[in-house]
Amino acid sequence: MQKLTTRDVVKKYNFKFTKSLGQNFLIDDTVLEDIVSGAEVGQEDLIIEIGPGVGTLTRELLKKAKRVCAIELDYDLISILNEELKDFDNFQLIHKDALKVDFNEIIGTEESVKVVANLPYYVTTPIIAKLLKGSYKFKSLTIMIQKEVAERIAAEPGGKDYGSLSILVQYYCNTKILRKVPPTSFIPQPKVESTVIRLDRLDKPKVEVKDEELFFKVARQSFNMRRKTLKNAVKSLGVIDSDKIDEAFKAVKINPGRRGETLSIEEFAALADSIYMFKKV
Ligand code: SAM
């Protein structure tokens, strides 16, 4: 049987796109190939796909993976996906908001689990945060996201893109930008450019910290107050007495007059640990 294209399936079911659900479906075979090969999908893999749409990427994943579990929020897509992918016995579909899914229930005892998705852009950051902070045993996430978000994720210290999202992702993963994708690769065409990025989960976080929450809080606050010095950012956290702040910086040889965006992840870790040692009891 000849494979239907994304456009064919949309037409066959008279599917109406919902803009607020970030529905921009892929129509470019080269992007599909690059996502599947970039994710290194193999016969031992459980693939979790968030937002399968009409199943264009899902079909390619199903051909290569042991099992694909797709999570789709739009009710109108559920019957379309079940019909179009009915020939695959390794396909599982969950009709739910990905932000409300307990991924451990899907993963069960599977050993090799990868996330592959063309993410809905309006929830990219919350989905990434949930996937990484949830301590799920994913090997990697190969995701298509807005180009600017990918640049923020992979950014190095010192640049304008470097921020709390860079720290969050680089704490858990190595990052690799795989390719750019133009708006013409989708229907309807989004207003923004896209990027496929792969995040490989580290066996243990990049830096060891005494208090993870405090570490993220210090980083977030430093970037929230970009125009202020680190000392001011730390002061505004209110976790350490004012007269102890200089001591906390001195202990880790970090100049309190620096701006947060110049600190490496290792320096943020050292500073957060020092604040932890000096904090109010
Ligand atoms: N994978 C398809 C493709 O590449 O052609 C569609 C990708 S489209 C950018 C995003 C998909 O995510 C849509 O099908 C949309 O309905 C779905 N979606 C939006 N919000 C969601 C959520 N919170 N949970 C799960 N799926 C969601």
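The values are calculated or read from the model by the stated rules, or taken from the named source; none is laboratory data. Small disclaimer: the values here were computed from a predicted structure and weren't measured. Positions of Cβ are generated from backbone atoms using ideal geometry, with glycine treated the same way; all protein chains shown enter the neighbour counts. For accessibility, only protein heavy atoms count, side chains too; no ligands or nucleic acids. Shrake-Rupley method; radii C 1.70, N 1.55, O 1.52, S 1.80 Å.
If you average the sequence gap of Cα pairs under 8 Å that are 6 or more apart and divide by the length of the range 212-278, what percent do you get for the contact order? Walk me through the numbers before you get to the answer.
Numbers: 68 pairs, mean separation 27.6, N = 67.
Computed value for the range 212-278: 41 percent relative contact order.
In terms of solvent-accessible area of protein heavy atoms at a 1.4 angstrom probe, what is the ranking of ASP28, ASP8, highest value first? If you can, show how the numbers build up before the last one.
On the way: ASP28 40, ASP8 70 Å².
From most accessible down to least: ASP8, ASP28.
Given a 1.4 angstrom probe, I'd like the percentage of the accessible area of the chain that is carbon and sulfur, rounded to a whole number.
Values: 6720 of 13960 Å².
About 48 percent, which is the carbon plus sulfur part of the accessible surface.
If you count only protein heavy atoms and use a 1.4 Å probe, how large is the accessible surface of TYR171, to the nearest 10 Å²?
Roll a 1.4 Å probe over it and TYR171 shows about 10 Å².
If I fit a long axis through the Cα atoms of helix 212-224 and take the longest principal axis of the Cα atoms of the chain, what angle between them do I get, 0 to 90°, rounded to 10?
90 degrees
Quick one: angle between helix 29-38 and the longest Cα principal axis of the chain, in degrees between 0 and 90, rounded to 10, please.
50 degrees
So what are the ³J(HN,Hα) numbers for the range 249-264, from phi and the Karplus equation (6.51, -1.76, 1.60; θ = phi - 60°), rounded to whole Hz, Gly and Pro as x?
5, 4, 4, 10, 6, 10, 5, x, x, 6, 9, x, 5, 9, 7, 6
Among 122-131, 236-245, how do they line up from the highest to the lowest mean number of other beta-carbon atoms within 10 Å?
Values: 122-131: 17.6, 236-245: 14.0.
The densest-packed peptide leads the list: 122-131, 236-245.
If I model a spin label at ASP243 and GLU266 as a point 7 Å from the Cα along the Cα→Cβ vector, what separation in nanometres do I get?
3.5 nm
Give me the percent relative contact order of the range 101-165, please, defined on Cα pairs under 8 angstrom at least 6 residues apart. Intermediate results must be reported in sequence, preceding the final value.
Values: 47 pairs, mean separation 21.6, N = 65.
RCO, the range 101-165: 33 percent.
Go ahead and estimate [θ] at 222 nm for the chain from helices alone: -39,500 (n - 2.57) per DSSP H run with n ≥ 4, summed, over the residue count, rounded to 500.
Details: 12 runs with 113 residues, N = 281.
Helices in the chain give a 222 nm mean residue ellipticity of -11500 deg cm²/dmol.
Can you give me the long-range amide H partners of SER194? Hydrogens built in the peptide plane at 1.01 Å from N, cutoff under 5 Å, separation of 5 or more residues or another chain.
Sorted by chain and number, the residues that satisfy this are LYS147, VAL181.
Can you list the HN-Hα couplings for the range 81-96, worked out from phi with the Karplus curve (6.51, -1.76, 1.60; θ = phi - 60°), rounded to whole Hz and with x for Gly and Pro?
Per-residue couplings from phi come out as 5, 4, 6, 5, 10, 5, 7, 9, 8, 9, 10, 10, 10, 10, 8, 6 Hz.
Show me the trypsin sites (Lys or Arg not before Pro) within the range 200-238 that DSSP assigns to loop and that have at most 12 other Cβ atoms within 10 Å of their Cβ.
On the way: sites: ARG201, LYS206, LYS210, LYS217, ARG220, ARG226, ARG227, LYS228, LYS231, LYS235; in loops: LYS206, LYS210, ARG226, ARG227, LYS228.
Sites meeting the loop and neighbour criteria: ARG226, ARG227.
For the range 32-111, run through the GluC sites (Glu not before Pro) and keep only the ones in DSSP coil with at most 14 other Cβ atoms within 10 Å of their Cβ. Please report the intermediate quantities before stating the final value.
Working: sites: GLU33, GLU40, GLU44, GLU49, GLU60, GLU72, GLU83, GLU84, GLU105, GLU110, GLU111; in loops: GLU40, GLU44, GLU110, GLU111.
Passing both the DSSP loop test and the Cβ count: GLU40, GLU44, GLU111.
Go through the range 202-281 and name the GluC sites (Glu not before Pro) that are in a DSSP coil and have 14 or fewer other Cβ atoms within 10 Å of their Cβ. Write out the running numbers ahead of the final one.
Numbers: sites: GLU208, GLU212, GLU213, GLU247, GLU261, GLU266, GLU267; in loops: GLU208.
Listed in order of number, the matching sites are GLU208.
In whole Å, what is the distance between the alpha-carbon centres of the range 95-135 and the range 207-280?
Comparing the Cα centres of the range 95-135 and the range 207-280, I get a distance of 31 Å.
Measure nothing but the geometry: give the 0 to 90° angle between the long axis through the Cα atoms of 124-133 and the longest principal axis through the Cα atoms of the chain, rounded to 10°.
70 degrees
Evaluate the relative contact order of the range 6-201 (contact order divided by residue number), counting alpha-carbon pairs under 8 angstrom at least 6 apart; express in whole percent.
Values: 346 pairs, mean separation 42.2, N = 196.
Relative contact order of the range 6-201: 22 percent.
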